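**Q** What follows is a single structure, and I will ask about it in a moment.
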Amino acid sequence: MIVVFARIEYRKYGQLAFISHLDLIRTWERIVRRARLPIAFTEGFHPKPRFSFIPPLPVGFEGEEELLDVKILEASPYVKKEIINSVVPEGIWVNSVEIVPNSDLSKTIIGGIYSFNWIGRIDIRELEERLEIMGVKEWDYSSRDSDNHTVENLLSIHIPFSSQTISPKGIAQLIEGLGKIEWIKLSRTSLLKR
């Protein structure tokens, strides 16, 4: 029996941005059962599908290119994104499925690019100073005035998973503490590869 991995790239969005990582794992257990994927299970009294995720998203963050490796028993023609998308709940969408010989997510994916999109006014100089104090090295910021006298802001930051001082939740709290924020959308837009 040949054992390989199905690397699933998916989006997590909408209401599912507010579920925990453990709930996401349970959701994927149901998805692979419904899709009838030929998956490998752990051994023991309570077998579980063999999954390998990249580091989890904080609750409240959407993800555009999330990755999951599922250990499968064979390179089956049934492991297709169309079949999986036919059984996913609202809030998950499979972008692609690729068969890989081994799961190396922890070695190849080293961080993410996080996007903070909000409406409200803040002091940009104070934001830059706080980001430098936190140790943020790479970021892009843009803003524009909209028609109804509000300011739309977009901050994009590279955050390595190994960082001890920079966290996506910490950046979101920083933004919320700098001014009057009417609305904020948080997401991991892409992954940083080694």
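**Q** Taking the conditions exactly as written (within 15 Å of Glu9 (Cα to Cα), touching a residue at least 24 places away in the same chain (Cβ under 8 Å) and either outside any strand (DSSP E or B) or among the aromatic types (Phe, Trp, Tyr) (or both)), does Val88 satisfy them or not?
**A** The answer is yes for Val88.
**Q** Next question. Take Asn95 and tell me if it is polar (S, T, N, Q), in the same structural domain as Lys71 (by TED's automatic domain parsing) and either out of contact with any Ser or Thr (no Cβ under 9 Å at 6 or more places or on another chain) or not in a helix (DSSP H, G or I) (or both).
**A** Criteria met by Asn95.
**Q** Between Ile84, Ile119, Ile54, Ile39, which is more than 16 Å from the chain's Cα centre (by Cα), at pLDDT below 95 and within 30 Å of Leu174 (Cβ to Cβ)?
**A** Exactly one residue qualifies, and that residue is Ile119.
**Q** Of all the residues that make up segment 57-84, how many are farther than 15 Å from Glu98 by Cβ and buried (at least 16 other Cβ atoms within 10 Å of the Cβ)?
**A** Qualifying residue count for the region: 6.
**Q** Let me ask another. For segment 31-62, which positions are in a strand (DSSP E or B) and either touching a helix residue (DSSP H, G or I) at 6+ places or on another chain (Cβ under 8 Å) or assigned by TED's automatic domain parsing to the domain that holds Ile166 (or both)?
**A** Once the filter is applied, which keeps residues that are in a strand (DSSP E or B) and either touching a helix residue (DSSP H, G or I) at 6+ places or on another chain (Cβ under 8 Å) or assigned by TED's automatic domain parsing to the domain that holds Ile166 (or both), segment 31-62 yields Ile39, Pro49, Phe51, Ser52, Phe53, Phe61, Glu62.
**Q** If a residue has to be farther than 14 Å from Gly177 by Cα, charged (D, E, K, R) and free of Cβ contacts under 8 Å to residues at least 24 places away in the same chain to count, how many in segment 126-161 make the cut?
**A** Number satisfying all stated conditions: 7.
**Q** Looking at (1) surrounded by 14 or more Cβ atoms within 10 Å (Cβ to Cβ); (2) part of a loop (DSSP other than H, G, I, E, B); (3) at pLDDT 90 or above, can you tell me which one Ser103 breaks?
**A** Every listed condition holds for Ser103 apart from (3).
The values are calculated or read from the model by the stated rules, or taken from the named source; none is laboratory data. Please read these numbers as outputs of a predicted model, since none were measured by experiment. Cβ atoms come from the backbone with ideal geometry, glycine included; neighbour counts cover every protein chain shown.
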